[in-house]
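**Student:** Got a structure for you, written out below as structure tokens; questions coming shortly.
Any read-out appearing in this document is the output of simple, stated calculations on the displayed coordinates, not a laboratory observation. Worth saying up front: this structure is predicted, and the values here are computed from it rather than measured. Here the Cβ positions follow ideal geometry from the backbone for every residue, glycine too, while neighbour counts run over all protein chains shown.
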Amino acid sequence: MEVKETMLQRNQELIDQFNRDKQLWHRLQWRKVKRRVRFPKLGALSHAILDLRDEMRERYKPADCVSREWIGGRL
């Protein structure tokens, strides 16, 4: 029973991660479209650099908490 519950929890974590990635992708796409409308004269390279900057800023921003589990078994 415990193995099944662990598998269900892992499955739910994967589903949650997928949903977070999908929401991130939609936010980034929205910014990308708005930027291209607002600054049509910027070159393709400039847009690509700004897109990467937005993606890095979103992906690597500090989390609200470090982890749900203790790392190394210590406080």
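**Student:** Please report the net charge: other residues with Cβ closer than 13 Å to the Cβ of residue 14, K and R +1, D and E -1.
**Tutor:** 0
**Student:** Kirkwood hydrodynamic radius (Cα pairs, Å) of the range 2-59? Could you put the intermediate results ahead of the total?
**Tutor:** Numbers: mean 1/r = 0.0742 Å⁻¹.
Value: 13.5 Å, from the Cα pair sum.
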